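What follows is a short report on a single structure.
The values are calculated or read from the model by the stated rules, or taken from the named source; none is laboratory data. The structure displayed is predicted, hence computed values, not measured ones. Quick reminder, even Gly has a Cβ in these numbers, built from the backbone with ideal geometry, and neighbours come from all protein chains shown.
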Amino acid sequence: MKRFLFYLLSALPFISAAQSNFHKGYVVTNNNDTLKGYVNYRERSVSPSSVQFKSRPDSKAETFTLKQSSAYTVDGLEKFRRFTVDISMSSGTITNLSIGADSSSTRDTVFLNVIQEGDNVTLYLYKDKVKNRFYISDKDMAVPLELVYERFLDPEEPTRIVTVGKYKGQLMDLIIKYKAGTIADSEKIRRVKYDEADLTKIVALINKKEVIQSTYSRTRFFAGTGLSISKTAYRGENDLANAGAENKSSVSPILTAGVDLFANPAIGKLIYRVELSLVQSKNDISTTTSTQAQAILTHTFDQYTAMIVPQLIYNVYNTNPLKIFLGAGFAMNISKYSNNRSSRYNSFRNETTVTEKQIALEAFNTAFPLRVGAVFNKRIEFSAIYTPVTSITNYNLFNIGVQRYTVGLNYLFGK
(Lines give C-alpha, C1' and ligand atoms only; values in the text may rest on other atoms or scores of the structure.)
Protein backbone atom coordinates (compact mmCIF):
# COMPACT_ATOMS: atom_id res chain seq x y z
CA MET A 1 0.00 0.00 0.00
CA LYS A 2 2.91 2.38 0.64
CA ARG A 3 3.92 2.05 -3.02
CA PHE A 4 0.35 2.77 -4.16
CA LEU A 5 0.20 5.90 -1.99
CA PHE A 6 3.58 7.06 -3.31
CA TYR A 7 2.59 6.76 -6.97
CA LEU A 8 -0.78 8.41 -6.43
CA LEU A 9 0.72 11.33 -4.49
CA SER A 10 3.34 11.79 -7.23
CA ALA A 11 0.66 12.04 -9.91
CA LEU A 12 -1.67 14.42 -8.06
CA PRO A 13 0.14 17.71 -8.88
CA PHE A 14 -0.17 16.93 -12.60
CA ILE A 15 -3.85 15.98 -12.24
CA SER A 16 -4.58 19.18 -10.30
CA ALA A 17 -2.69 21.45 -12.70
CA ALA A 18 -4.63 20.09 -15.68
CA GLN A 19 -8.05 20.78 -14.17
CA SER A 20 -10.32 23.80 -14.68
CA ASN A 21 -13.87 24.58 -13.66
CA PHE A 22 -15.61 26.59 -16.40
CA HIS A 23 -19.25 27.60 -16.00
CA LYS A 24 -21.55 29.72 -18.10
CA GLY A 25 -20.99 33.42 -17.56
CA TYR A 26 -19.72 36.61 -19.14
CA VAL A 27 -16.92 39.17 -19.03
CA VAL A 28 -17.37 42.93 -19.50
CA THR A 29 -14.44 44.59 -21.25
CA ASN A 30 -13.16 48.16 -20.89
CA ASN A 31 -15.12 49.06 -24.03
CA ASN A 32 -18.27 47.93 -22.21
CA ASP A 33 -18.60 44.92 -24.53
CA THR A 34 -20.19 41.88 -22.90
CA LEU A 35 -18.50 38.63 -23.93
CA LYS A 36 -20.79 35.69 -23.22
CA GLY A 37 -19.29 32.26 -22.80
CA TYR A 38 -17.67 30.32 -19.96
CA VAL A 39 -15.79 31.63 -16.92
CA ASN A 40 -13.39 29.65 -14.73
CA TYR A 41 -14.98 29.42 -11.27
CA ARG A 42 -12.33 28.83 -8.62
CA GLU A 43 -12.16 28.46 -4.87
CA ARG A 44 -9.86 31.17 -3.54
CA SER A 45 -8.72 32.70 -0.26
CA VAL A 46 -8.15 36.20 -1.73
CA SER A 47 -10.04 38.27 -4.28
CA PRO A 48 -9.03 37.68 -7.93
CA SER A 49 -6.89 40.01 -10.00
CA SER A 50 -7.78 38.33 -13.31
CA VAL A 51 -10.34 35.98 -14.83
CA GLN A 52 -10.12 33.15 -17.36
CA PHE A 53 -12.72 33.10 -20.13
CA LYS A 54 -13.70 30.79 -23.01
CA SER A 55 -16.11 31.68 -25.77
CA ARG A 56 -16.94 27.96 -26.17
CA PRO A 57 -16.29 24.94 -23.94
CA ASP A 58 -13.70 23.58 -26.38
CA SER A 59 -11.93 26.87 -27.16
CA LYS A 60 -8.66 28.10 -25.68
CA ALA A 61 -8.92 30.08 -22.44
CA GLU A 62 -8.18 33.82 -22.46
CA THR A 63 -7.07 35.74 -19.38
CA PHE A 64 -8.59 39.16 -18.66
CA THR A 65 -6.75 41.23 -16.07
CA LEU A 66 -8.04 44.12 -13.97
CA LYS A 67 -6.80 46.49 -16.69
CA GLN A 68 -8.79 44.67 -19.37
CA SER A 69 -12.08 43.87 -17.64
CA SER A 70 -14.54 46.01 -15.68
CA ALA A 71 -16.69 43.11 -14.43
CA TYR A 72 -17.40 39.43 -14.78
CA THR A 73 -20.09 36.98 -13.71
CA VAL A 74 -20.36 33.25 -13.25
CA ASP A 75 -24.08 32.56 -13.73
CA GLY A 76 -25.78 31.77 -10.44
CA LEU A 77 -22.50 31.56 -8.50
CA GLU A 78 -20.56 34.82 -8.26
CA LYS A 79 -20.29 38.34 -9.63
CA PHE A 80 -17.35 40.78 -9.53
CA ARG A 81 -17.11 44.47 -10.41
CA ARG A 82 -14.00 46.62 -10.73
CA PHE A 83 -13.62 49.72 -8.56
CA THR A 84 -10.85 51.99 -7.35
CA VAL A 85 -11.38 52.13 -3.60
CA ASP A 86 -9.68 53.00 -0.32
CA ILE A 87 -8.49 49.85 1.49
CA SER A 88 -7.78 49.86 5.22
CA MET A 89 -4.49 48.18 6.11
CA SER A 90 -4.89 47.57 9.85
CA SER A 91 -4.29 43.93 10.76
CA GLY A 92 -7.20 41.54 11.10
CA THR A 93 -5.40 38.89 13.16
CA ILE A 94 -5.13 39.04 16.94
CA THR A 95 -1.39 38.27 16.95
CA ASN A 96 -0.64 41.32 14.74
CA LEU A 97 -2.91 43.95 16.26
CA SER A 98 -1.43 47.44 16.53
CA ILE A 99 -1.12 49.31 19.82
CA GLY A 100 -3.67 52.05 19.34
CA ALA A 101 -5.88 52.59 16.31
CA ASP A 102 -4.24 52.04 12.91
CA SER A 103 -5.84 54.34 10.33
CA SER A 104 -3.42 53.52 7.51
CA SER A 105 -4.94 52.79 4.11
CA THR A 106 -4.07 52.44 0.46
CA ARG A 107 -5.97 53.20 -2.72
CA ASP A 108 -6.09 50.51 -5.37
CA THR A 109 -8.11 49.15 -8.27
CA VAL A 110 -9.60 45.77 -7.36
CA PHE A 111 -12.41 43.36 -8.12
CA LEU A 112 -15.15 43.53 -5.47
CA ASN A 113 -17.37 40.49 -5.01
CA VAL A 114 -21.07 41.39 -5.17
CA ILE A 115 -22.65 39.72 -2.14
CA GLN A 116 -26.12 41.25 -2.45
CA GLU A 117 -27.60 44.02 -4.55
CA GLY A 118 -30.97 45.72 -4.58
CA ASP A 119 -32.84 48.89 -5.42
CA ASN A 120 -31.23 50.86 -2.59
CA VAL A 121 -27.79 49.45 -1.69
CA THR A 122 -25.22 46.85 -2.76
CA LEU A 123 -22.94 44.88 -0.45
CA TYR A 124 -19.45 43.86 -1.63
CA LEU A 125 -16.58 41.77 -0.25
CA TYR A 126 -12.83 42.21 -0.79
CA LYS A 127 -10.29 39.69 0.56
CA ASP A 128 -6.51 39.88 0.66
CA LYS A 129 -3.75 38.47 2.87
CA VAL A 130 -4.34 41.17 5.48
CA LYS A 131 -8.06 40.59 6.16
CA ASN A 132 -11.58 40.51 4.74
CA ARG A 133 -13.35 43.85 4.19
CA PHE A 134 -16.94 44.63 3.32
CA TYR A 135 -17.95 47.58 1.14
CA ILE A 136 -21.32 49.19 0.54
CA SER A 137 -22.75 51.59 -2.01
CA ASP A 138 -26.13 53.10 -2.65
CA LYS A 139 -27.67 54.65 -5.75
CA ASP A 140 -26.15 58.03 -4.90
CA MET A 141 -22.56 56.71 -4.61
CA ALA A 142 -20.24 56.33 -7.59
CA VAL A 143 -17.70 54.31 -5.58
CA PRO A 144 -18.39 51.86 -2.70
CA LEU A 145 -17.23 52.78 0.81
CA GLU A 146 -15.60 50.34 3.18
CA LEU A 147 -17.68 49.32 6.18
CA VAL A 148 -15.18 50.10 8.89
CA TYR A 149 -14.37 47.54 11.58
CA GLU A 150 -11.29 48.12 13.74
CA ARG A 151 -9.52 46.12 16.42
CA PHE A 152 -6.42 47.24 18.26
CA LEU A 153 -4.65 46.99 21.60
CA ASP A 154 -5.44 49.60 24.23
CA PRO A 155 -2.33 51.86 24.52
CA GLU A 156 -2.87 52.17 28.27
CA GLU A 157 -3.58 48.47 28.77
CA PRO A 158 -1.90 46.52 25.95
CA THR A 159 -3.43 43.18 26.97
CA ARG A 160 -6.96 44.52 26.27
CA ILE A 161 -8.40 44.43 22.76
CA VAL A 162 -10.50 47.44 21.74
CA THR A 163 -13.19 46.87 19.09
CA VAL A 164 -14.67 49.79 17.16
CA GLY A 165 -17.64 48.92 14.95
CA LYS A 166 -18.08 52.06 12.86
CA TYR A 167 -19.90 49.93 10.28
CA LYS A 168 -22.94 49.82 12.57
CA GLY A 169 -23.33 53.60 12.34
CA GLN A 170 -22.87 53.46 8.55
CA LEU A 171 -25.64 50.90 8.25
CA MET A 172 -27.91 52.85 10.58
CA ASP A 173 -27.53 55.95 8.38
CA LEU A 174 -28.70 53.92 5.37
CA ILE A 175 -31.65 52.45 7.28
CA ILE A 176 -32.75 55.98 8.18
CA LYS A 177 -32.13 57.29 4.66
CA TYR A 178 -34.31 54.63 3.03
CA LYS A 179 -36.82 54.41 5.89
CA ALA A 180 -36.27 50.67 6.11
CA GLY A 181 -37.59 48.35 8.81
CA THR A 182 -39.05 49.05 12.21
CA ILE A 183 -37.61 50.31 15.50
CA ALA A 184 -37.04 46.67 16.47
CA ASP A 185 -35.11 46.11 13.22
CA SER A 186 -32.97 49.16 13.96
CA GLU A 187 -32.10 47.63 17.32
CA LYS A 188 -30.57 44.66 15.47
CA ILE A 189 -27.75 46.94 14.33
CA ARG A 190 -26.28 46.89 17.83
CA ARG A 191 -25.81 43.12 17.60
CA VAL A 192 -24.87 42.72 13.94
CA LYS A 193 -21.56 40.96 13.42
CA TYR A 194 -18.96 41.88 10.84
CA ASP A 195 -19.54 38.79 8.72
CA GLU A 196 -21.29 37.95 5.47
CA ALA A 197 -24.37 36.32 7.01
CA ASP A 198 -25.26 39.18 9.38
CA LEU A 199 -24.43 41.99 6.98
CA THR A 200 -26.44 40.36 4.20
CA LYS A 201 -29.53 40.34 6.44
CA ILE A 202 -29.18 44.07 7.17
CA VAL A 203 -28.61 44.92 3.50
CA ALA A 204 -31.71 42.89 2.58
CA LEU A 205 -33.63 44.90 5.15
CA ILE A 206 -32.45 48.18 3.59
CA ASN A 207 -33.36 46.86 0.14
CA LYS A 208 -36.77 45.74 1.50
CA LYS A 209 -36.29 42.23 0.16
CA GLU A 210 -35.80 38.73 1.47
CA VAL A 211 -32.35 37.15 1.82
CA ILE A 212 -31.78 34.79 -1.10
CA GLN A 213 -30.92 31.38 0.31
CA SER A 214 -28.16 29.39 -1.36
CA THR A 215 -29.24 26.25 -3.20
CA TYR A 216 -26.04 24.54 -2.03
CA SER A 217 -25.88 22.83 1.35
CA ARG A 218 -22.81 23.59 3.45
CA THR A 219 -22.92 20.23 5.23
CA ARG A 220 -22.98 16.59 4.19
CA PHE A 221 -23.22 13.42 6.26
CA PHE A 222 -21.56 10.12 5.46
CA ALA A 223 -21.32 6.56 6.77
CA GLY A 224 -19.37 3.53 5.70
CA THR A 225 -17.20 0.57 6.45
CA GLY A 226 -13.79 -0.73 5.55
CA LEU A 227 -10.85 -2.90 6.44
CA SER A 228 -8.19 -2.00 9.00
CA ILE A 229 -4.74 -3.62 8.92
CA SER A 230 -2.68 -2.86 12.00
CA LYS A 231 0.65 -4.04 13.33
CA THR A 232 1.94 -3.64 16.87
CA ALA A 233 5.63 -3.62 17.75
CA TYR A 234 7.90 -3.00 20.72
CA ARG A 235 10.64 -0.39 20.43
CA GLY A 236 13.48 0.40 22.82
CA GLU A 237 15.12 -1.67 25.57
CA ASN A 238 12.94 -4.75 25.77
CA ASP A 239 13.46 -8.35 24.70
CA LEU A 240 10.33 -8.13 22.53
CA ALA A 241 11.96 -5.25 20.64
CA ASN A 242 14.80 -7.37 19.22
CA ALA A 243 15.26 -7.82 15.50
CA GLY A 244 13.91 -11.37 15.56
CA ALA A 245 10.58 -10.44 17.16
CA GLU A 246 7.49 -11.51 15.26
CA ASN A 247 4.70 -8.92 15.06
CA LYS A 248 1.55 -10.39 13.59
CA SER A 249 -0.74 -8.12 11.58
CA SER A 250 -4.33 -7.77 12.71
CA VAL A 251 -7.03 -7.49 10.03
CA SER A 252 -10.47 -6.35 11.16
CA PRO A 253 -13.52 -4.41 9.92
CA ILE A 254 -13.91 -0.71 10.69
CA LEU A 255 -17.11 1.36 10.91
CA THR A 256 -17.14 5.08 10.13
CA ALA A 257 -19.60 7.98 10.20
CA GLY A 258 -19.26 11.74 10.21
CA VAL A 259 -20.06 15.12 8.75
CA ASP A 260 -18.41 17.35 6.12
CA LEU A 261 -18.48 21.15 6.09
CA PHE A 262 -17.70 22.80 2.74
CA ALA A 263 -15.62 25.97 2.63
CA ASN A 264 -17.46 26.83 -0.61
CA PRO A 265 -20.34 24.41 -1.28
CA ALA A 266 -20.74 25.60 -4.88
CA ILE A 267 -17.24 24.28 -5.66
CA GLY A 268 -16.62 21.74 -2.92
CA LYS A 269 -12.83 21.66 -3.15
CA LEU A 270 -11.90 22.33 0.47
CA ILE A 271 -13.76 20.29 3.10
CA TYR A 272 -13.60 20.31 6.89
CA ARG A 273 -14.45 16.81 8.11
CA VAL A 274 -15.16 15.31 11.52
CA GLU A 275 -15.14 11.52 11.48
CA LEU A 276 -15.93 8.88 14.10
CA SER A 277 -14.50 5.38 13.57
CA LEU A 278 -14.83 2.17 15.57
CA VAL A 279 -12.26 -0.60 15.17
CA GLN A 280 -11.01 -3.70 16.95
CA SER A 281 -7.59 -5.35 16.69
CA LYS A 282 -6.04 -8.55 18.06
CA ASN A 283 -2.35 -8.04 18.75
CA ASP A 284 0.34 -10.69 19.08
CA ILE A 285 4.08 -10.03 19.60
CA SER A 286 6.54 -12.84 20.29
CA THR A 287 10.24 -13.61 20.23
CA THR A 288 12.73 -16.33 21.13
CA THR A 289 15.86 -15.88 23.25
CA SER A 290 18.94 -17.96 24.06
CA THR A 291 18.05 -18.02 27.74
CA GLN A 292 16.29 -21.22 28.82
CA ALA A 293 14.32 -19.44 31.54
CA GLN A 294 12.66 -17.26 28.90
CA ALA A 295 13.07 -19.19 25.69
CA ILE A 296 9.86 -17.77 24.22
CA LEU A 297 8.32 -14.42 25.22
CA THR A 298 4.83 -13.45 24.08
CA HIS A 299 2.55 -10.48 24.62
CA THR A 300 -1.04 -10.58 23.35
CA PHE A 301 -3.95 -8.18 23.84
CA ASP A 302 -7.20 -7.11 22.19
CA GLN A 303 -7.77 -3.42 21.55
CA TYR A 304 -11.13 -1.70 20.97
CA THR A 305 -10.77 1.88 19.75
CA ALA A 306 -13.07 4.81 19.04
CA MET A 307 -11.30 7.41 16.87
CA ILE A 308 -12.52 11.00 16.63
CA VAL A 309 -10.71 12.64 13.71
CA PRO A 310 -11.07 16.32 12.71
CA GLN A 311 -9.41 16.69 9.32
CA LEU A 312 -8.95 18.76 6.19
CA ILE A 313 -9.74 17.29 2.78
CA TYR A 314 -8.84 18.92 -0.52
CA ASN A 315 -10.14 17.76 -3.91
CA VAL A 316 -7.17 18.15 -6.23
CA TYR A 317 -9.34 16.91 -9.10
CA ASN A 318 -12.93 18.07 -8.82
CA THR A 319 -15.72 17.12 -11.23
CA ASN A 320 -19.16 15.68 -10.56
CA PRO A 321 -18.39 12.22 -12.01
CA LEU A 322 -14.99 11.96 -10.30
CA LYS A 323 -13.16 13.70 -7.47
CA ILE A 324 -9.64 12.82 -6.28
CA PHE A 325 -8.64 14.10 -2.87
CA LEU A 326 -5.91 14.38 -0.25
CA GLY A 327 -6.54 14.65 3.47
CA ALA A 328 -4.78 15.00 6.80
CA GLY A 329 -6.16 14.98 10.32
CA PHE A 330 -5.60 14.81 14.04
CA ALA A 331 -6.95 11.60 15.57
CA MET A 332 -7.99 11.37 19.21
CA ASN A 333 -8.11 7.68 20.08
CA ILE A 334 -9.96 6.26 23.06
CA SER A 335 -9.13 2.60 23.66
CA LYS A 336 -10.25 -0.24 25.88
CA TYR A 337 -8.21 -3.44 26.25
CA SER A 338 -8.90 -7.06 27.14
CA ASN A 339 -6.92 -10.31 27.29
CA ASN A 340 -3.75 -8.33 28.06
CA ARG A 341 -1.40 -11.21 28.78
CA SER A 342 2.39 -11.56 28.91
CA SER A 343 3.78 -15.11 28.86
CA ARG A 344 7.22 -16.59 29.42
CA TYR A 345 8.09 -20.15 28.36
CA ASN A 346 10.86 -21.89 30.35
CA SER A 347 12.35 -24.57 28.06
CA PHE A 348 14.36 -26.14 30.91
CA ARG A 349 11.31 -26.74 33.05
CA ASN A 350 8.94 -27.03 30.09
CA GLU A 351 6.46 -24.63 31.68
CA THR A 352 4.80 -21.36 30.74
CA THR A 353 4.15 -18.48 33.13
CA VAL A 354 1.32 -16.11 32.20
CA THR A 355 0.94 -12.66 33.79
CA GLU A 356 -2.22 -10.60 33.39
CA LYS A 357 -1.80 -6.85 32.67
CA GLN A 358 1.94 -6.86 33.19
CA ILE A 359 2.18 -4.08 30.60
CA ALA A 360 0.04 -1.00 31.25
CA LEU A 361 -1.67 0.17 28.05
CA GLU A 362 -2.82 3.77 27.65
CA ALA A 363 -6.55 4.47 27.26
CA PHE A 364 -5.93 7.65 25.24
CA ASN A 365 -3.47 8.55 22.50
CA THR A 366 -3.25 10.77 19.43
CA ALA A 367 -2.19 10.24 15.84
CA PHE A 368 -1.89 12.08 12.52
CA PRO A 369 -3.56 10.04 9.75
CA LEU A 370 -3.00 10.80 6.05
CA ARG A 371 -5.66 10.02 3.45
CA VAL A 372 -6.00 9.77 -0.33
CA GLY A 373 -9.07 8.69 -2.22
CA ALA A 374 -11.73 9.28 -4.82
CA VAL A 375 -15.45 10.07 -4.96
CA PHE A 376 -17.58 8.63 -7.75
CA ASN A 377 -20.77 10.40 -8.91
CA LYS A 378 -20.90 12.46 -5.67
CA ARG A 379 -22.07 9.41 -3.71
CA ILE A 380 -19.45 6.67 -3.33
CA GLU A 381 -16.16 7.51 -1.62
CA PHE A 382 -13.17 5.17 -1.64
CA SER A 383 -10.15 6.03 0.50
CA ALA A 384 -6.83 4.67 1.67
CA ILE A 385 -5.53 5.91 5.03
CA TYR A 386 -2.08 5.60 6.55
CA THR A 387 -1.60 6.24 10.26
CA PRO A 388 2.07 6.41 11.36
CA VAL A 389 3.30 4.61 14.46
CA THR A 390 1.49 5.78 17.58
CA SER A 391 2.63 4.83 21.09
CA ILE A 392 0.07 3.19 23.40
CA THR A 393 2.36 2.91 26.46
CA ASN A 394 4.13 5.36 28.75
CA TYR A 395 7.44 3.76 29.76
CA ASN A 396 10.83 5.44 29.77
CA LEU A 397 12.97 2.67 28.28
CA PHE A 398 10.59 1.17 25.75
CA ASN A 399 7.20 1.65 24.15
CA ILE A 400 4.61 -0.23 22.13
CA GLY A 401 3.64 1.40 18.85
CA VAL A 402 0.68 0.74 16.57
CA GLN A 403 0.86 1.36 12.83
CA ARG A 404 -2.35 1.21 10.80
CA TYR A 405 -3.45 1.03 7.17
CA THR A 406 -7.12 1.39 6.32
CA VAL A 407 -9.13 1.04 3.14
CA GLY A 408 -12.67 2.34 3.36
CA LEU A 409 -15.89 2.80 1.45
CA ASN A 410 -18.31 5.57 2.45
CA TYR A 411 -21.74 6.56 1.20
CA LEU A 412 -22.22 10.35 0.99
CA PHE A 413 -25.68 11.67 1.83
CA GLY A 414 -27.20 14.90 0.53
CA LYS A 415 -26.84 16.75 -2.77
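Quick check, is Ser186 part of a helix (DSSP H, G or I), outside the structural domain of Val46 (by TED's automatic domain parsing) and among the hydroxyl-bearing types (Ser, Thr, Tyr)? Criteria met by Ser186. On the stretch given as the stretch 34-65, residues that are assigned to a loop (DSSP other than H, G, I, E, B) and within 30 Å of the chain's Cα centre (by Cα) total 10. Exactly one residue out of Lys248, Lys323 is exposed (fewer than 15 other Cβ atoms within 10 Å of the Cβ) and not aliphatic (A, V, I, L, M): that is Lys248.
Comparison of Ile400, Ile392, Ile313 shows that the only residue that is among the β-branched types (Val, Ile, Thr) and under 18 Å from the mean Cα position of the chain (by Cα) is Ile313. The one condition from (1) at pLDDT 95 or above; (2) out of contact with any Pro (no Cβ under 9 Å at 6 or more places or on another chain); (3) assigned to a strand (DSSP E or B) that Tyr167 does not meet is (3).
Could you pull out the residue among Thr305, Thr287, Thr256 that is touching a helix residue (DSSP H, G or I) at 6+ places or on another chain (Cβ under 6 Å), among the β-branched types (Val, Ile, Thr) and part of a strand (DSSP E or B)? When all the criteria are applied, what remains is Thr287. Residues of the stretch 78-134 being over 17 Å from Gln170 (Cβ atoms) and touching a Gly at 6+ places or on another chain (Cβ under 8 Å), which ones? Matches in the stretch 78-134: Val130, Lys131. Within the stretch 309-320, does at least one residue satisfy the condition of being more than 20 Å from Val372 (Cα to Cα), assigned by TED's automatic domain parsing to the domain that holds Asn242 and either surrounded by fewer than 16 Cβ atoms within 10 Å (Cβ to Cβ) or not β-branched (Val, Ile, Thr) (or both)? No, because not a single residue in the stretch 309-320 is more than 20 Å from Val372 (Cα to Cα), assigned by TED's automatic domain parsing to the domain that holds Asn242 and either surrounded by fewer than 16 Cβ atoms within 10 Å (Cβ to Cβ) or not β-branched (Val, Ile, Thr) (or both).
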